[in-house]
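**Student:** Here it is: the structure, laid out below.
The values are calculated or read from the model by the stated rules, or taken from the named source; none is laboratory data. The structure displayed is predicted, hence computed values, not measured ones. Reconstructed Cβ throughout: ideal geometry from the backbone, glycine too, with neighbour counts over all protein chains shown.
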Amino acid sequence: MRISGFILFAVLTAQAAHAQESALYDPSIKQDAKDGVVRLYGAGGPHTALQKVADVWQQETGNKVEITAGPETTWSKKAQADADIIWGTAEQSMTAFLETYKTLSSDQVMPIYLRPAIVAVKTGNPKGIKEFDDLLADGVKIVVTEGSGVANTSGTGVWEDIAGRTGSLEDVTAFRKNIVAYEHGSGASFKAFKDMDADAWITWPNWPATNPDVLETVELSQDRVIWRDLSVALAPTADPEAQEFLDYLLTDKAKELMATEGWVR
């Protein structure tokens, strides 16, 4: 009886683990990206810089690019069917994607750009925030982006990495006391920053770059700054033009466009 109970427990545990790691995976979907359109899917943020590159490439080649960005739940099933390229906004984020997009594997993933975490403040910086230590003062309201075990986002763990980077538990404690919202994605964090009249948001350079009327950048010092990458994975059934677009993303012209939103190589 004990052995049977143990076997049942092991089976249920394995099933639960599989369900957790592949919650969005639909085995009934057949992946076939060859339709003459280069289709990219990924989290919001990099999409604005990628679109700048895509616009130029489309003009130069006549090929068509379609970029879909946002929370994974909004595009997952379509991506499983026709994605040429999946992009990840951090290594942990891309690793999570690989649990769902089963035609992709880790050895197909290529990091292509990096960007630093920054502190976004209100345009005009009314609180006068200049450095990390200013975020520890009483009354500073901070928004952070955090997957919380239920969402795939590049912001997961970034605030803790920054606060704890010098090995000070006091810094982590003081910073945590000032967090007023943990949001499951950058879009949700941006909304919370505005709705809650927050003073600071730990995020990426593209957000102030594309919303200068609302946000201003405060750079973190080298002993605090954390970097995350932009990586891409090409589907085995991708259109031939998809590889050409990835190659173009590494050109000098593309690097100039990506740099306008904080992406560097």
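**Student:** Is it fair to say ASN178 is surrounded by 13 or more Cβ atoms within 10 Å (Cβ to Cβ) and closer than 25 Å to PHE97 by Cα?
**Tutor:** no
**Student:** Tally up the residues in the stretch 163-206 that are in a helix (DSSP H, G or I) and out of contact with any strand residue (DSSP E or B) (no Cβ under 6 Å at 6 or more places or on another chain), please.
**Tutor:** 17
**Student:** Filtering the stretch 215-245 down to residues that are among the polar types (S, T, N, Q) and in contact with a strand residue (DSSP E or B) (Cβ under 8 Å, 6 or more places away or on another chain), which residue is farthest from ASP134 (Cα to Cα)?
**Tutor:** GLN243
**Student:** Just to check your reading of the model, which residue among ALA83, ALA69 is in contact with a His (Cβ under 6 Å, 6 or more places away or on another chain) and either surrounded by fewer than 20 Cβ atoms within 10 Å (Cβ to Cβ) or modelled with pLDDT of 95 or more (or both)?
**Tutor:** ALA69
**Student:** A follow-up question, please. Show the residue pairs meeting these rules: Cβ distance below 6 Å; 6+ apart or different chains; first residue within the stretch 95-123 and under 15 Å from SER76 (Cα atoms) and assigned by TED's automatic domain parsing to the domain that holds ASP32; second residue small (Gly, Ala, Ser) and surrounded by 20 or more Cβ atoms within 10 Å (Cβ to Cβ).
**Tutor:** PHE97/GLY88; THR103/ALA235; LEU104/ALA233
**Student:** Can you pull out every residue in the stretch 33-84 that is among the small types (Gly, Ala, Ser) and in a loop (DSSP other than H, G, I, E, B)?
**Tutor:** Residues satisfying the conditions are ALA33, GLY36, ALA43, GLY44, GLY45, GLY62, GLY70, ALA83.
**Student:** Identify, by number, the condition in (1) at pLDDT 95 or above; (2) part of a helix (DSSP H, G or I); (3) over 21 Å from PRO205 (Cβ atoms); (4) not hydroxyl-bearing (Ser, Thr, Tyr) that GLY139 doesn't meet.
**Tutor:** Condition not satisfied by GLY139: (2).
**Student:** Quick check on the stretch 207-254: of everything there that is within 20 Å of ALA90 (Cβ to Cβ) and among the basic types (Lys, Arg), which residue is surrounded by the most Cβ atoms within 10 Å (Cβ to Cβ)?
**Tutor:** Looking at residues that are within 20 Å of ALA90 (Cβ to Cβ) and among the basic types (Lys, Arg), I get ARG228.
**Student:** Just the residues that are part of a loop (DSSP other than H, G, I, E, B) and either closer than 15 Å to PRO111 by Cα or touching a strand residue (DSSP E or B) at 6+ places or on another chain (Cβ under 6 Å) (or both), please, taken from the stretch 246-265.
**Tutor:** Within the stretch 246-265, LEU249, LEU250, THR251, GLY262, TRP263, ARG265 qualify.
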